[in-house]
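Working notes, structure below.
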Amino acid sequence: MVIQSEVEEQDAKDLEEEAEVLRQKSKLTQRIEEIQNKKLAKDWLTNRPIRSHEDIVKDYANEYELNLSDAKKALTTYPEKYEIQGNDVPSIVKEMRMYRRTLKGEKKIQFTNAIDNLITGYSDYLNKCIDNIYWIQKYKVPLCNMNYNETDLIKLNIIQDEDMRRRVVDALCKNWEANLDNKDIKYSKEHSSNLKKATAAKKEFKAILKETSINPSTKSLVKSEILKAVCTNPGISAREIHDSLNKSLHDKTSPQIIAKLATEDNITGIDGSYYKFNDDIKKNIWSYTAAFIDSDGYITMDKNHNPRVGLVATGDRGKAFMLEMKKSLGIGRLHLDQKSPQDTRLVNRLNFYSANDVKKLLTKCMPHFRMKGPNAKVLLELIKIKKHNKKEEWYPQRKDELFKLMKYHNHRDNSKFDWHEWDIDIDNINKLEENSKMDV
């Protein structure tokens, strides 16, 4: 029995040792996979355009079929803060230099070498930090002209907004180009002008970093949560947003404060309900507008041959949508809360009357139209000939042809439409299209 017990005990030890070996191998495999994922992410990021961190993470997750959490881990490679016993390196170097004044001879030389080694190690650490800020890595050379410190690099690493990143890169490039232009120029007006440009770009860079807080304020956190809630649930109220906040932010705010911050952030409010375009729509605003015109809009001309384009939506959500479209496009005229012919929900419109607005809108939307592209071509030709070809002999006839073409494109699916009333020959409609004057 004693021998059997010893054998069982030995077997148990052997099994435990094998289990430990397997655990170590598993950890090693995970570490290798982690390193490989980091390297893969770094290679993938090399030629990425400047975008928000959230968009980059989504693209990476889709590219390599990962969930968002794993994608974020792979893209988060910033090294830990360089500290010695809780003190940062610059303050330690400062103390060491103060102490060096008390030394003499060989001890002073050795101590100086120790300081230099510490500074070299710290410089390597800062370079490593820059290399791991994927969106700034390509601009390492101009960044070195900015007299940055470790805190500045931490701030650059936490910038996730696309517009803010673009502002940083713009400032770096302006400073670098101005210094490059001054490289072989003697002191002169041009040299002074370039110097001012370089200084202004450096001030702009510092101002952006000043805007960036390592520990974001309660106000900025609440605004971020408001924006997220409104984009996720259009029509949400201030009270509902307040109720959705975590306890810490909930206790520091109220529905009244939420409503005020939403207004500050240019979020559209309609009778206590809030609406906001999400970023994907804003990035593809002309594509989205083209799709909206195809489905719930119109492109036409009136009897006096004036171009007309419009978007139509009903109800409070439609009203908010028209307000958001006006803000995003920057053109057009709003007509809100109009009575509908059927006396149902109120109708809201965003109309485009001026030739310049119509031309800009249709030119930007043209590549994205799926249904009303022919209508857009008719209006663009009308605007063109009215501006440049009014004195041509063929102008009056072509203007009438375009009117007929517009009628045809707007009613070609209507089997009951009376073409003879408008003197339109359906069989020869192609001839009117072939008579285009866009190249004249």
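The values are calculated or read from the model by the stated rules, or taken from the named source; none is laboratory data. Bear in mind that the values here come from a model prediction, so they are computed numbers and not experimental data. Heads up, the Cβs are rebuilt from the backbone with ideal geometry, glycines too, and the neighbour counts pull from every protein chain shown.
Scanning segment 300-323 for residues that are modelled with pLDDT of 85 or more and of a type in the set (D, E, K, R) yields Asp302, Lys303, Arg308, Lys319. Looking across Ile429, Ile424, one residue alone is surrounded by 10 or more Cβ atoms within 10 Å (Cβ to Cβ), aliphatic (A, V, I, L, M), modelled with pLDDT under 90 and outside any helix (DSSP H, G or I). It is Ile424.
Residues are listed down the side, and each one gets a yes or a no for (1) of a type in the set (Phe, Trp, Tyr); (2) modelled with pLDDT of 85 or more:
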residue	(1), (2)
Trp44	yes, no
Ile50	no, no
Glu54	no, no
Asp59	no, no
Lys73	no, no
Arg97	no, yes
Arg101	no, yes
Thr120	no, yes
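Would you confirm whether or not segment 409-419 contains a residue that is within 20 Å of Ala290 (Cα to Cα), crowded, with 18+ Cβ neighbours inside 10 Å and in the same structural domain as Asp294 (by TED's automatic domain parsing)? Yes.
In this structure, Ala291 does not qualify as surrounded by 15 or more Cβ atoms within 10 Å (Cβ to Cβ), at pLDDT 85 or above and not assigned by TED's automatic domain parsing to the domain that holds Cys365. Scanning segment 62-81 for residues that are touching a helix residue (DSSP H, G or I) at 6+ places or on another chain (Cβ under 8 Å) and not in a helix (DSSP H, G or I), we see that the one that is surrounded by the most Cβ atoms within 10 Å (Cβ to Cβ) is Thr77.
Answer yes or no as to whether Ile258 is modelled with pLDDT under 85 and either aliphatic (A, V, I, L, M) or closer than 24 Å to His53 by Cα (or both).
The answer is no for Ile258.
When Thr151, Thr112 are checked against the criterion of being among the β-branched types (Val, Ile, Thr) and more than 23 Å from Ile208 (Cα to Cα), a single residue qualifies: Thr112.
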